[in-house]
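Quick notes on the structure that follows.
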Amino acid sequence: ARDVAIYLGHIHKAKTLLGTATPSVESYSHALQKKFGLVEMKERFFKAPLPEIEIADLRADKKRKTAHGEFTSTLIDALKETLEKKEQAIIFQNRRGYSNYITCDDCGHISECPHCAVSLTYHQYKNQLNCHYCGHKQPVPMVCPACGSTKIQTIGIGTEKIEEELKLILPEARIQRMDLETTRAKYAYQNIINDFDKGNVDILIGTQMVSKGLDFDRVSLVGVFDIDRMMHFPDFRALERTFQLVTQVSGRAGRRDTKGRVIVQTKDAENKFLELIKNHDFLSFYHFEMQEREKYHYPPFTRMIHLLVRSKDKKITREAANQLSELLKKELGQPRVLGPQEPLINKIRDKYLMDVFLKFERKYNTAAVKEVVDKAKLSLITNKDLKGIEIIADVDPY
């Protein structure tokens, strides 16, 4: 949406206003270089202080045997205190479902989607396994399909499991979950928001839906789950997205007279990145990230184009990706073409995927690069030996 808005503004010679507490590294870089105008708001609405962020070490808690399942004692104590004060809390977990996947304790078999190269997520509420990429659903097996064992267990924690565990730990609390499953029905999202706003809900558990734009007077506590998975996701923007998400969800706490408190659970408490989050230190994070981007030639120091090659035939997909890579290397030079390589998830909706990335200097003519890409795509799509091939280009606009 941001990129489309900027481009439409460019076409119509209109002003585009970007408003955020967490600008992207590229946007902030443009602002400092005077390519974008910059207006800073140094204080929160109603002059509310920023919430205090604490890092809770889940690994240390588990060693001391003071953890309550996947909850640190710090978070549980804070939730109890919040309930006693008749205030509200939000728990953020960026993964829906009950658990990440189910596995066999004897042979290690993991149920996977037949159409995508991903494990199926267990949803206890529906008692089924779901694929979050193509929507495939199947019943939970009573015995392991690989070895026949009945020792099937769940791994990981989603919003459903957090809801179940919290109801056991805090039976007196009124708990509501807000994710894709609970907001499918018409007006369901609005009804949950209204209930929470009226004080009919003590603890709201949710995915990204709870992180942005919500303004509640009585929310004094925010708990963040599974920050490690977000931080270590294999993407050069992983830390940036984590910083943005945690900052945004933290901003739901203490928006009026009540002092906000945020507890971030982690198994990597010594990570220096968490110190930047704790101190609300966007500028230090920005400078750290810019050093990393410059060192490894990522935007905004370079431009990138992601080319996704896909088809229903794995061999044809590989061959097309290899040919595309070779064609581009001849025209643009080998150092500017990365791949081909299989993405983290190499099959979605029965189509096999391969990635090719172009990374080129900012002074390079982008229009000329796009022309080279279009010619290469056309030659592959019209090749009869590569029947059914699709090539999708995603251009980084910065």
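Descriptive notes on the structure:
- Ranked by how many other beta carbons lie within 10 Å on average, peptides 311-317, 235-241 from highest: 311-317, 235-241
- Accessible area in square angstrom per residue, region 8-111, 1.4 angstrom probe: 62 Å²
- 0 to 90° range, to nearest 10: angle between helix 159-169 axis and the chain longest Cα axis: 20 degrees
- Helical contribution to [θ] at 222 nm, DSSP H n ≥ 4, -39,500 (n - 2.57), averaged over the chain, rounded to 500: -10000 deg cm²/dmol
- Within the accessible area of the chain (1.4 Å probe), percent carbon and sulfur: 51 percent
- Cα-based convex hull, region 188-347, per residue volume (Å³, whole number): 164 Å³
- Rolling a 1.4 Å probe across the protein heavy atoms gives region 261-324 an accessible surface of 52 Å² per residue.
- Spacing of the modelled spin labels on LYS137 and GLU84, each 7 Å from Cα toward Cβ, amounts to 4.4 nm.
- For the chain, the longest principal axis of the alpha carbon atoms and the long axis of helix 282-295 meet at an angle near 30°.
- Gain in span if fully extended, LYS315 to ARG184, counting 0.36 nm per residue against the direct Cα distance: 43.3 nm
- In this rough spin-label picture, where each label sits 7 Å from Cα along the Cβ direction, the HIS68-GLU361 distance is 5.9 nm.
- Centre separation in Å (Cα based) which lies between region 3-51 and region 159-191: 34 Å
- Beta bridges by DSSP in the chain, antiparallel share as percent, to the nearest 5: 60 percent
- If you sort MET209, MET290, MET41 by accessible surface, 1.4 Å probe, largest first, the order is MET41, MET209, MET290.
- Between ASN94, ASN130, ASN383, the residue with the greatest mean-square fluctuation in the GNM of the chain (Cα pairs under 10 Å linked by springs) is ASN383.
- Packing rank of 212-220, 118-126, 363-371, where each peptide gets the mean count of other beta carbons within 10 Å, highest leading: 118-126, 212-220, 363-371
- Using 0.36 nm per residue and subtracting the Cα-Cα separation, the extra length available between LYS387 and ILE11 on full extension is 131.7 nm.
- When you restrict to C-alpha pairs under 8 Å that are six or more residues apart and normalise by the size of region 160-209, the relative contact order lands at 45 percent.
- Close amide H contacts of ILE90 (hydrogens built in the peptide plane, cut-off under 5 Å, sequence separation of 5 or more or a different chain): LEU204, LEU221, VAL222, GLY223.
- Taking the average, over residues, of other Cβ atoms within 10 Å as the packing measure, peptides 53-62, 136-145 rank 53-62, 136-145 from highest down.
- Computed on region 234-312, with alpha-carbon pairs under 8 angstrom and 6+ residues apart, the relative contact order is 21 percent.
- Using θ = phi - 60° in the Karplus curve 6.51 cos²θ - 1.76 cosθ + 1.60, the 3J(HN,Hα) couplings for region 66-76 round to 9, 6, 9, x, 9, 9, 6, 4, 4, 5, 5 Hz; x is entered for Gly and Pro.
- Residues of region 42-66 with amide N under 17 Å of the 7 Å Cα→Cβ point at GLN124: none
- Full-stretch length increase - LYS259, VAL372 - with 0.36 nm per residue and alpha-carbon distance subtracted: 35.1 nm
- The phi-based Karplus calculation (6.51 cos²θ - 1.76 cosθ + 1.60; θ = phi - 60°) puts the 3J(HN,Hα) values of region 176-187 at 10, 10, 10, 8, 4, 5, 7, 10, 5, 5, 4, 6 Hz, whole numbers, x for Gly and Pro.
- In order along region 122-128, the Karplus-derived 3J(HN,Hα) couplings, from 6.51 cos²θ - 1.76 cosθ + 1.60 at θ = phi - 60°, round to 7, 10, 5, 4, 9, 6, 8 Hz, and Gly and Pro are given as x.
- Evaluated at q = 0.11 Å⁻¹: base-10 log I(q)/I(0), Debye formula over Cα of region 33-171: -0.62
The values are calculated or read from the model by the stated rules, or taken from the named source; none is laboratory data. Not measured: the values here are computed from a predicted model. Note: ideal-geometry Cβ built from the backbone for every residue, glycine included; neighbour counts use all protein chains shown. Surface accessibility is based on the protein's heavy atoms, side chains included, excluding ligands, DNA and RNA. Shrake-Rupley method; radii C 1.70, N 1.55, O 1.52, S 1.80 Å.
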